[in-house]
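Contents: one structure, followed by commentary.
The values are calculated or read from the model by the stated rules, or taken from the named source; none is laboratory data. These figures come from a predicted structure and were not determined experimentally. With ideal geometry, Cβ positions are generated from the backbone for all residues, glycine too; neighbour counts draw on all protein chains shown. For the accessible areas, the whole protein counts, side chains as well, though only heavy atoms, and no ligand, DNA or RNA atoms are used. Shrake-Rupley method; radii C 1.70, N 1.55, O 1.52, S 1.80 Å.
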Amino acid sequence: MSTSFAIVTGSPDSGVADLIAKAIEATALSVILARNDFVLLADNPKEVVLIDGVGAAIGTVFSPGEQESVRRLNSDGGRRILQSNGAELLERYWGAYVAVIPGPRDGETLIIRDPSGGQPCLYAQVRGGWVIASDLATLISVCGAKHEIDWREIAHHLFAVGLRSERTSIAGVMELLPGFRMTISVADAHISPVWSPWSYAASAHQLDDPDDAALRLHRSIADSIAGWSAGRRHVLLGLSGGLDSSIVAAALAECGQPFSCLNLVSADPDGDERDYARQVTDLLDVPLFEEVRQVGTVDVGRSTAANLPRPVARSFAQESDRLQIAAAAAVGADIFFSGGGGDNVFCSLQSVAPVADRIRVGGLGPGAFKTSRDIAFLTGCSWATALRGGLRRAWRGAAQYRWPTDRSFLKEEIANEVQIFSHPWLNPPSGALPGQAAHVALLLHTQNHFEGLERSRVAPTISPLTAQPVVEAALRIPSWMWFHDGHNRWVARAAFADNLPRRVIYRRSKATPNSFVTDVFKANRSRITELLMDGGLVRHGILDRDAVWAALNSNRPCSELEYPRLMSFVDVEAWASAQADLVAGPPLEGSSMRTSLLV
């Protein structure tokens, strides 16, 4: 339930007044703040933090060490934010917000998005100015335009899986990525990073004491969860029984917040983790609800991302949302929590990069041998193989992370033509370590997983382990410190070792939703065949129709990876079908939009 907003900016003689009038007429928004260079409209004034004499932040803003969110920033704070072109806001505060302030030059406006990405931010150029909005429906309504699917971006979405571009899958609609600033003038817009993970992953900021690292990480998690849960009636936590959601449960108990837990079970025994979840809730003395997922409730032809500019929803999540919404109603919960993103924030790598980091920093000594043994245990290779791989990676010099791609079922010419988005975070500074570069890349992998959830329309849905203070604390921890005695995410385990059952802290197994995805696929095979064989991906030459047909009709069982891959195509088709029913009008001016990403 992100706050709906629109920001309209442009010169007074460019028709911006007509845009503002259209925004009021076509949406449920009202004017919250009007300045010479921009006008802010929103649906809930209580979710707008005014920055005295400067502008506003839409969403939720916290001050470090304070549980209550900030309601207003005084003129001194506003002056510092203005003088720093917004950087002061990200350095002194955290939360889920989009801020708007005047730029350094007359006629300029700055739009700033916090690093968590919790408050969406889309934008488009229209005749008369620029429109920045919280969601696709608001943006289209204000612009008065139809939107067309950008199938090139769909190809990028399926090829460079998980790598979010500033271009969305709707032509002419752009996204201001988390941690970036948009400087708008009448004619153009420039995008630049205002927060970078490398400011915390740099060697000068790395911690060298494991105990201190665990203490700092614990404090950042506890403070972030206390902030997000403050003032809430009741929290419903999705508790899988895994480490990450169990840590969230322990932190909720520590801050005294009333909460209940929900554990979802799949028919396959590999998807049943009730025993681990029960151990956690028994120790913390909180209620646990257990529900079995039902395949029959999933409609593979429906997309819960229909109102989003990308096909990021996964159809199998419909059942999880249904059960979460029902449980929230039963306990009176007014916010959803999960452990989502924990693997990424806690540097759960399956590579030799941490070995390379340790060799680069400490040479070929006992530490390098220890990390090699830890990585070998996790990946199943020998410690000698891990060490040799770490040596090769260390001597190679470059820390550049190569984003993984997936060519399966795509037309060869499409896979060859896709231009992978060069996200600035993937360009490490001089002296960066390969393990830290992989850790930073893991953070980007989380950005497609927190949208398209139906429960977000009922109550806020928070993944507190991805909060800015937690991410910054985690980035200061050397990559090799996350691995110990064959365990990954070790610093997080150590941070909550006194708060959780030993069996949960030291568990190595991890359940996945793959068995449920497989069940959904098998139950809907004929419908899936219809959607894919006659869908837009085939018509636009993205999917290899013969390869997909062979997989759908082969006597051999699909591999564990093929089911989720084929379901990702189904999710795209469901999303694309939903777009055809939305607003009609003249196209957005995407072809004439002039933006540049400055790094």
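Below, the figures for the structure above:
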read-out	value
The listed residue being open to solvent by 20 Å² or more (accessible area, probe 1.4 Å) and in contact with a strand residue (DSSP E or B) (Cβ under 6 Å, 6 or more places away or on another chain), out of SER348, SER338, SER382	SER338
First in region 208-237 and over 21 Å from LEU262 (Cβ atoms), second anywhere and aromatic (Phe, Trp, Tyr), Cβ under 7 Å, 6 or more apart	HIS218/PHE496; GLY227/PHE62
Index of the failed condition, SER568 passing every other in (1) open to solvent by less than 20 Å² (accessible area, probe 1.4 Å); (2) modelled with pLDDT of 90 or more; (3) assigned to a helix (DSSP H, G or I)	(1)
Residue list for region 121-143, filter: in contact with a strand residue (DSSP E or B) (Cβ under 9 Å, 6 or more places away or on another chain) and open to solvent by 30 Å² or more (accessible area, probe 1.4 Å)	ASP135, SER141
Residue that is nearest to ASN344 (Cα to Cα) [pool: residues in region 443-478 that are of a type in the set (Val, Ile, Thr) and open to solvent by 20 Å² or more (accessible area, probe 1.4 Å)]	THR466
Output for region 291-301, where each listed residue is of a type outside the set (A, V, I, L, M, F, W, C) and open to solvent by less than 70 Å² (accessible area, probe 1.4 Å)	ARG293, THR297, GLY301
Residue satisfying all of: in region 420-434; assigned to a loop (DSSP other than H, G, I, E, B) and not small (Gly, Ala, Ser); farthest from SER320 (Cα to Cα) among these	PRO429
Elements of type strands (runs of 3 or more DSSP E) in region 65-140, at least 2 residues being under 21 Å from LEU41 (Cα atoms) and of a type in the set (Gly, Ala, Ser)	94-102, 129-133
Residue match in region 52-65 (condition: over 23 Å from the mean Cα position of the chain (by Cα) and closer than 21 Å to GLU166 by Cα)	no
Residue pairs meeting the criteria (Cβ under 9 Å; at least 6 apart or on separate chains; first among the charged types (D, E, K, R), in region 274-293; second open to solvent by 80 Å² or more (accessible area, probe 1.4 Å))	ASP275/ARG503; GLU290/ARG278; ARG293/ALA267
Residues being of a type in the set (S, T, N, Q), closer than 24 Å to GLY95 by Cβ and more than 17 Å from the chain's Cα centre (by Cα) - total across region 146-204	3
Qualifying residue in region 330-339 (condition: at pLDDT 95 or above and assigned to a helix (DSSP H, G or I))	yes
Region 479-506 - residue that is open to solvent by less than 20 Å² (accessible area, probe 1.4 Å) and among the charged types (D, E, K, R) and, of those, farthest from SER203 (Cα to Cα)	ARG493
Every residue from region 21-59 that is closer than 25 Å to SER229 by Cβ, open to solvent by less than 30 Å² (accessible area, probe 1.4 Å) and either without any contact (Cβ under 8 Å) to a residue 40 or more places away in the chain or not aliphatic (A, V, I, L, M) (or both)	ALA42, GLY59
Helices (runs of 4 or more DSSP H) fully within region 435-534 counting 1 or more residues that are β-branched (Val, Ile, Thr), under 30 Å from LEU90 (Cα atoms) and in contact with a helix residue (DSSP H, G or I) (Cβ under 6 Å, 6 or more places away or on another chain)	468-475, 490-495
